[in-house]
Amino acid sequence: MREDIDWAARRLEAASRVVCLTGAGVSAESGVPTFRDAQTGLWSRFDAEELASPEGFERDPGLVWRWYMWRLDQLKAAAPNPGHFALAQLAGLCERFLLVTQNVDSLHEQAGSGEVLHLHGSLLHFRCNSCAAPHHLTGEQRRAESPPACGLCGDLVRPDVVWFGESLPWDVVEEAADAAQGCDAMLVIGTSGLVYPAAQLPLIAKRAGAAVIDVNPEPGPISSIADLFLQGKSGEILPALAGSVADRRANA
Ligand code: BV8
Ligand code: ZN
């Protein structure tokens, strides 16, 4: 593993543009269950992809609301882990570093990452399901059994996340795809590589000649196209990687 970490550090140090794509795995060591992990407790009998959809919200807005309020409680109890801090450190060690996340938590920002591109939105923001007016949630609404009504048009308020079957914000997708096309190295951290169009980004980078480095305890679709698969937990591998880049910078 040491040689692999050093190989990756050399590629990051030499890169003029680095893109990092993260998935739910980077938050796993903060105690936030990954998206594909079986849902726990009373949510175990529900399919996350079904709840995270306009159809699911249409069918039972109260159920979807309570699921998101449960996840919001988990996020509020979570803190950034060493993997998040290492990515914030790497951003300062690389010439240009763009962090693109599929996650809807704010752990990257809490760890000090400045610019974070959220492909799937944020669970900390809420908006109206029809007129998209931003909505500030009151404590009472946080604890309610069903979503509040929009103050402007009266339709239901929802989390400002991208559901399955909904398009991602085109400006965010365009910026992420351009960066993937133009980078010399792409770090892919903690994603199963199953959800599109996010999962397209490592393929775009690979085709454009970038070195793709996958960090995951399990092999998967990304590790099979990666130039280097660093098998293990991001909370352990990323601090070692950031430390190796820092040493190389200090001794350059
Ligand atoms: C769209 C917000 C156009 C909500 C999310 C058939 C084929 C291909 C595509 C499709 C298809 N049918 C439908 C589609 C399109 C669909 C899609 O890709 N479906 C997949 C499931 C097949 N995509 C969409 O619908 C997207 N929109 O395409 O628009 C369109 C328009 C109309 C009609 C059709 C298409 C919208 C996708 C966005 C969905 N919203 N989140 C919410 O969070 O509630 S996605 C959701 O999954 C989360 O954001 C999550 O981040 C994301 C991806 O999952 P991962 O991050 O990879 O997490 P996962 O649990 O899967 O894996 C965790 C990984 O971590 C694992 O690999 C694990 O090994 C690893 N790990 C664990 N511990 C650690 C670790 N790694 C490191 N360290 C550790 N300690
Ligand atoms: Zn409205």
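Please go through the range 111-145 and pick out each residue that is within 15 Å of ligand 2 (Cβ to nearest atom), buried (at least 16 other Cβ atoms within 10 Å of the Cβ) and aliphatic (A, V, I, L, M).
L137
Out of (1) of a type outside the set (S, T, Y); (2) buried (at least 20 other Cβ atoms within 10 Å of the Cβ); (3) at pLDDT below 95; (4) more than 19 Å from the chain's Cα centre (by Cα), the odd one out for G56 is which?
Answer for G56: the failing condition is (3).
Suppose we filter G112, G83 for residues that are over 14 Å from the mean Cα position of the chain (by Cα) and not assigned by TED's automatic domain parsing to the domain that holds A52; which single one remains?
Only one candidate qualifies: G112.
Filter the range 146-156 for residues that are near ligand 2 (Cβ under 8 Å from one of its atoms) and closer than 8 Å to C128 by Cβ; which is surrounded by the most Cβ atoms within 10 Å (Cβ to Cβ)?
C150
Here is a list of conditions, (1) within 26 Å of D214 (Cα to Cα); (2) without any contact (Cβ under 8 Å) to a residue 12 or more places away in the chain, and S44 meets all of them except one; can you say which number that is?
S44 satisfies all of (1) within 26 Å of D214 (Cα to Cα); (2) without any contact (Cβ under 8 Å) to a residue 12 or more places away in the chain except (1).
Are any residues in the range 197-219 surrounded by fewer than 16 Cβ atoms within 10 Å (Cβ to Cβ) and within 22 Å of V32 (Cβ to Cβ), and if so, which ones?
Of everything in the range 197-219, those that are surrounded by fewer than 16 Cβ atoms within 10 Å (Cβ to Cβ) and within 22 Å of V32 (Cβ to Cβ) turn out to be P217, E218.
Across the range 157-168, which residue is surrounded by the fewest Cβ atoms within 10 Å (Cβ to Cβ) among those that are within 12 Å of ligand 1 (Cβ to nearest atom) and without any contact (Cβ under 8 Å) to a residue 40 or more places away in the chain? Lay out the reasoning, then the answer.
First, pick out the residues of the range 157-168 that are within 12 Å of ligand 1 (Cβ to nearest atom): 158-168.
Add one more test, that the residue is without any contact (Cβ under 8 Å) to a residue 40 or more places away in the chain, and what stays is 160, 167.
Numbers: D160: 18, S167: 8.
Applying the filter and picking the extreme gives S167.
N251 fails exactly one of the following numbered conditions: (1) buried (at least 20 other Cβ atoms within 10 Å of the Cβ); (2) without any contact (Cβ under 8 Å) to a residue 24 or more places away in the chain. What is the number of that condition?
All conditions are met except number (1).
Within the group P202, P219, which residue is within 15 Å of ligand 1 (Cβ to nearest atom) and in contact (Cβ under 8 Å) with a residue 24 or more places away in the chain?
None of the others qualify; the one that does is P202.
Considering only residues of the range 89-109 that are of a type outside the set (A, V, I, L, M) and more than 15 Å from the chain's Cα centre (by Cα), which is farthest from ligand 2 (Cβ to nearest atom)?
Filtering the range 89-109 for residues that are of a type outside the set (A, V, I, L, M) and more than 15 Å from the chain's Cα centre (by Cα), the one farthest from ligand 2 (Cβ to nearest atom) comes out as E95.
Would you be able to tell me the number of residues in the range 160-174 that are closer than 15 Å to A199 by Cα and in a helix (DSSP H, G or I)?
3
The values are calculated or read from the model by the stated rules, or taken from the named source; none is laboratory data. If you're wondering where the values come from, they're calculated on a predicted model, not measured in any experiment. Every residue, glycine among them, receives a Cβ derived from its backbone with ideal geometry; neighbour counts consider all protein chains shown.
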